[in-house]
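What follows is a single structure, written as structure tokens, with notes after it.
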Amino acid sequence: MSPNAPKGPASYFPSIEKKYGRPVSEWQELIRSSPLTKHMELVSWLKAEHGLGHGHANALVAHTLAEGK
């Protein structure tokens, strides 16, 4: 892994964009506009409503909540 490679949740972003065909910024906007606020509620919602895998949903939620919703 290169020293400039993203670490933590952001390391999933290229594969999320490739697999689901939407930029991470769109996913983050969805998360921010959701009435849900709890981490696992948001993860479950992304999985159920948008078909994301657990790891991808978890990474998006963790990163978005860390930035401030």
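Phi angles of segment 30-40 translate, via the Karplus equation with coefficients 6.51, -1.76, 1.60 and θ = phi - 60°, into HN-Hα couplings of 4, 4, 5, 8, 5, x, 6, 10, 7, 3, 5 Hz per residue; Gly and Pro are given as x.
Within the chain, what whole-number % of the accessible surface is contributed by carbon and sulfur, with the 1.4 Å probe and all protein chains included in the calculation? Spell out each step's value before the answer.
Numbers: 2340 of 4210 Å².
Carbon and sulfur together cover 56 percent of it.
For segment 11-20, 3J(HN,Hα) computed residue by residue from phi via the Karplus equation (6.51, -1.76, 1.60; θ = phi - 60°) reads 5, 7, 4, x, 6, 5, 5, 5, 6, 9 Hz, glycine and proline entered as x.
Amide H contacts for LEU52 (H built 1.01 Å from N in the peptide plane; partners 5 or more residues away or on another chain; cut-off under 5 Å): LYS47.
Evaluating 6.51 cos²θ - 1.76 cosθ + 1.60 at θ = phi - 60° for every residue in segment 51-60, the Karplus couplings come out as x, 6, x, 4, x, 5, 4, 4, 5, 4 Hz, glycine and proline recorded as x. Residues whose amide H lies under 5 Å from that of SER34, counting only those 5 or more places away or on a different chain, are absent; hydrogens are built 1.01 Å from N in the peptide plane.
The values are calculated or read from the model by the stated rules, or taken from the named source; none is laboratory data. Quantities reported herein were computed from a predicted structural model and do not represent experimental measurements. We work out accessible area using only protein heavy atoms, side chains counted, and drop any ligands, DNA or RNA first. Shrake-Rupley method; radii C 1.70, N 1.55, O 1.52, S 1.80 Å.
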